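Some notes on the structure that comes next.
The values are calculated or read from the model by the stated rules, or taken from the named source; none is laboratory data. Just so it is clear, the structure is predicted and the values come from calculations on it, not from any experiment. Cβ sites come from the backbone with ideal geometry, for glycine too, and all protein chains shown count toward neighbours. We work out accessible area using only protein heavy atoms, side chains counted, and drop any ligands, DNA or RNA first. Shrake-Rupley method; radii C 1.70, N 1.55, O 1.52, S 1.80 Å.
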Amino acid sequence: MRPRPWSILLLLLIPAAAYADDVRVIVGFHGKADQSVFARHGGRAATDLSSINAWAGYVPAGRLKALRAEPGILYVEEDRVRTKTVEPNDTYYNFAFSKLYTNRGLNDQKDDFRLIRCPEAWGVSTGAGARVSVLDTGCQINHVDIGSGTAGKVKVWRNFTASGTESVSENTNVSDSDGHGTHTAGTVGARTNNARGVAGAGWDCELAIGKVLGPSGGYDSWVAAGIAWSWQTAGAKVISMSLGGQGSSTTLDNAIEAAWSGGAVLVAAAGNDGADGSNHYPSAHPNCISVAAVNEGGQWASFSNYGPTTDIAAPGVTVLSTYPTDSYAWASGTSMATPHVAGVAALAWSAFPSATNAFIRSQVERGGSRWVTAPDGGVIKILDAYAAVTSPDTTAPAAPSGLTATAAGPSRIDLDWADNTEADLAGYNVYRSDDGGLTFGQVAAGVAASSYSDTGLVAASTYFYYVTAGDTSGNESGASNVAWATTAAPDLEAPTAPSGLSATAVGSSRIDVDWADNAEADLAGYNVYRSADGAVYDQVAAGVSGSAYSDVGLAASATYYYFVTATDTSGNESAPSGGASATTEEAPPALSVTSITPNSMAVGTTIQVTVTGTGFSAGAVLTFANGAGKSPQAANIVVVDANTITADVTAGKGGPPRDRVWDVVVTNPGGASSSLAGGFTVTP
């Protein structure tokens, strides 16, 4: 969904009679609506909403406070702008119908209608006698594949986008310069089975056209007036709104609630922000069916909104429908998904003409076996027209049988039962009682398998169970047989203490501790305790899974004392093992370089040198740094002991014709290094 283009919309949509500093508002009244309130505050009325005790109009911005203070006024709110919900980056392709099916880069209608099982539904209901109001940008009502009047699909029409002072002819001008409304109207109810053009989801349904949007959008007051007209005057049982915007409106809410109370089914586009649509209105209103979009294969459309207010998904990607002038086009958006749902609602009304709007809505939202996962992880049903026009399944599945309960320790009972062969089985529900079978509560729902493990129970306690089956229509079976089991008594017996403990120093900061495995069946692990004085012990490791532990970060030349215990799955801890101790090795002397002999050489020669110091390790490297010219290179380095290194040193030619002084650097394998500054000289 594009952000509201406020500056553009106000320029395009406010009639010329409004002053630049006027604002458009909706005024709600406690009683009868009084349009003269606008004139009293220097403004003028614009849109009649008296059916819901409101009027929309213009007042100077500086008069808003005084307007709100008028006696009898219930609310004053901004007349928000709603926009159509076509996917804005989609391209229309206009062809004569004879060319459409040769262009296979885009899907034809068969893919969309087969996804939602319209052909099967049309065998039950063709929508005859049901009327759908399409509130949109208008419609080419004389389109060759729509038509108006006695022989056409459009029976009534009204323009709500003018100022309210227009003539009757202007009031009925619903011409569609945008094309959006003609497209959505065709998806709802194009002439069908007429050997030309496209089919409408609602087949034989009638259409009412309410123009509530201009090319750039429309006010809430226009939409609200269109809703009121649809069910009060136009005789519509379904109201289709491929429009919306962020934020709710009291006026829009009142209009929707009145229409719902009047028996209409309202359908609205979820929006094209690719985000949570919980603040997208009117679709987020609880009395609207909020429609998301999928492609012809049932995959989620990336632009579609989602979230907890979304009710159903329908085809909305490259949807083929009618378009001005007497042509056809593809378009994408939740705008295109919405009329599929509205058309199917018309089929449902025709199939169940005496039903309530609540029943029709439930039929439309039933869906079938197709689901789609939204970006937030929510699972949304895909529209199923055949399910909408057929009576819901009210037959409960057969009750599960052969339930058994088996204790598996002090805190778990395992349940098993026979599979239920119900074709539309959704899962099993598990019920438990801890009061001798007097009262049961559900502990699991929708279990897919025919078994369940009930955990976290109290030891030495008896639990009673029964299981029911649920089907995809929400019917629940009767109860299975009751089964019960008693959890085992708590395990209070400590495991056997570990044995064979030994401690071995590994260097100056680590001691390895080993012991014999404990054969306890429910062994959980081992705890290791350490003392620096043989008297006070602290736990240094818990739940060790093996029979060995390396204690690191210790002080050099220090004696440490250890014992180990075993723990079981019930939390019991054994007595201590026998003790063991070890003393870490002395810390190695600090690395340092004290001398190099000889301490000079001529350039271009090779000599053997001896480096003395402390802390030399096997693999130490001898280098020369911070001198001038080419540095001497050491080869055949031998670490004789921690205090002596020998090496062959070569001084290459090059550099200034003077003595070159170098630092002597020894680096141990661990990266520690020490240097003798200026300790070696290369002479010319």
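For this structure, a couple of remarks:
- Some residue of region 251-258 being in a loop (DSSP other than H, G, I, E, B) and either farther than 26 Å from TRP122 by Cα or of a type outside the set (A, V, I, L, M) (or both): no
- Counting only strands (runs of 3 or more DSSP E) that fall entirely inside region 314-376 and contain at least 2 residues that are under 24 Å from ALA236 (Cβ atoms) and touching a residue at least 12 places away in the same chain (Cβ under 8 Å), the qualifying elements are 319-323.
- Qualifying position, being open to solvent by 50 Å² or more (accessible area, probe 1.4 Å) and either under 23 Å from VAL364 (Cβ atoms) or touching a Ser or Thr at 6+ places or on another chain (Cβ under 8 Å) (or both), among TRP231, TRP222: TRP231
- A count restricted to region 355-410 and to residues that are open to solvent by less than 50 Å² (accessible area, probe 1.4 Å) and among the aromatic types (Phe, Trp, Tyr) stands at 0.
- Number of residues in region 422-443 that are without any contact (Cβ under 8 Å) to a residue 12 or more places away in the chain and either touching a Leu at 6+ places or on another chain (Cβ under 9 Å) or more than 15 Å from TYR466 (Cβ to Cβ) (or both): the value is 1.
- Considering only residues in region 225-266 that are among the hydroxyl-bearing types (Ser, Thr, Tyr) and closer than 22 Å to THR187 by Cβ, the one that is nearest to the chain's Cα centre (by Cα) turns out to be SER242.
- Restricting attention to region 530-569, the residues that are part of a strand (DSSP E or B), more than 17 Å from ALA516 (Cβ to Cβ) and open to solvent by 20 Å² or more (accessible area, probe 1.4 Å) total 11.
- Residue within region 293-310 that is assigned to a loop (DSSP other than H, G, I, E, B), more than 27 Å from GLY226 (Cα to Cα) and of a type in the set (D, E, K, R) present: yes
- Within the span defined as region 58-72, every residue fails to be open to solvent by less than 50 Å² (accessible area, probe 1.4 Å), under 16 Å from SER249 (Cβ atoms), among the charged types (D, E, K, R) and modelled with pLDDT of 90 or more.
- Some residue of region 446-464 being of a type in the set (A, V, I, L, M, F, W, C), out of contact with any helix residue (DSSP H, G or I) (no Cβ under 7 Å at 6 or more places or on another chain) and under 27 Å from SER362 (Cα atoms): yes
- Taking the listed residues THR318, THR325, the one that is open to solvent by 20 Å² or more (accessible area, probe 1.4 Å), within 21 Å of VAL198 (Cβ to Cβ) and in contact with a Leu (Cβ under 8 Å, 6 or more places away or on another chain) is THR318, with no other qualifying.
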